[in-house]
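Have a look at the structure below, then the notes.
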Amino acid sequence: MSTETQTRWTGSTFREGDFEVSTDRNRLDRAVIMNTLSETYWAGDMAPEQLMESVANGLPFGLYHLPTGRQIGFTRLVTDMTRFAWVSDVFVIDSFKGQGCGKMLMRAILSYPPLEKVYNWTLATKDAHGFYEQFGFRLAEGKDAMMQLKRPKRPSL
C-alpha cells in the first residue's frame with residue numbers, strides 16, 4: 001500500500017493509495033459479493049436472494065482497487081448507529097490478500113463518522129482472531145450473558 005494516506009472520510013469515500021472504501025450502494029458489484037460470500041463458511045449455504053437481501057438491509061462498505069476499478073473486498077454492518085454495530089461478511093478477494101487491504105477496510109469502517117457514537121462493536125470469526133485484535137477486538141467477556149435463538153432458515157418469499 002502506498003504511503004499516501006487519507007486519514008479521514010470525504011463524503012462516502014476513504015482512500016489510501018490505490019485503494020478506496022465506499023459506502024455508495026450503487027458501486028457494489030453484486031456478482032463479486034455473491035460469488036465470494038457463497039464460498040465462505042458463514043454464508044455459503046444461503047440462497048442468493050437471501051444473501052442479497054442481507055446486503056440490502058445492512059450498511060455496506062465496498063473496497064475498490066482504483067487502477068482497475070474492480071471491487072476487491074466488502075464488509076456489511078448491522079447497526080443502530082448509536083449503541084451497537086455488528087461487523088459481518090468481511091472479505092478481500094484472494095489476489096489482493098496480504099497487501100494491507102483488509103486492514104485498510106477495518107480502519108475505514110472504524111473511523112466512519114456516522115458510527116463515531118457506536119460503543120459496542122461485535123463480530124464472529126472462526127479463524128481471524130489475531131487480525132481483529134489489531135483493532136482492539138477481544139474475546140467477549142461473560143459469554144453466559146449472551147443468548148441466541150436459532151430458527152430454521154426459510155426460503156425467500
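The values are calculated or read from the model by the stated rules, or taken from the named source; none is laboratory data. Quantities reported herein were computed from a predicted structural model and do not represent experimental measurements. We place every Cβ from the backbone using ideal geometry, glycine too, and count neighbours over all the protein chains shown.
Observations on the structure shown:
- From the options 76, 83, 25, residue that is in contact (Cβ under 8 Å) with a residue 12 or more places away in the chain, touching a Phe, Trp or Tyr at 6+ places or on another chain (Cβ under 8 Å) and surrounded by fewer than 18 Cβ atoms within 10 Å (Cβ to Cβ): 83
- Selection of the stretch 111-146 for residues being hydrophobic (A, V, I, L, M, F, W, C), out of contact with any strand residue (DSSP E or B) (no Cβ under 7 Å at 6 or more places or on another chain) and more than 19 Å from residue 55 (Cα to Cα) yields 128, 131, 135, 139, 140, 145, 146.
- A Cβ distance below 8 Å, combined with a sequence gap of six or more or placement on separate chains, defines the contacts here; from the stretch 127-142, residues that are of a type in the set (Ser, Thr, Tyr) reach residues that are modelled with pLDDT of 95 or more in the pairs 132/106.
- Some residue of the stretch 86-95 being without any contact (Cβ under 8 Å) to a residue 60 or more places away in the chain and loosely packed, with under 13 Cβ neighbours inside 10 Å: yes
- Here the condition is being farther than 25 Å from residue 129 by Cα, modelled with pLDDT of 95 or more and under 14 Å from the mean Cα position of the chain (by Cα); of 66, 110, 28, it holds for 28 alone.
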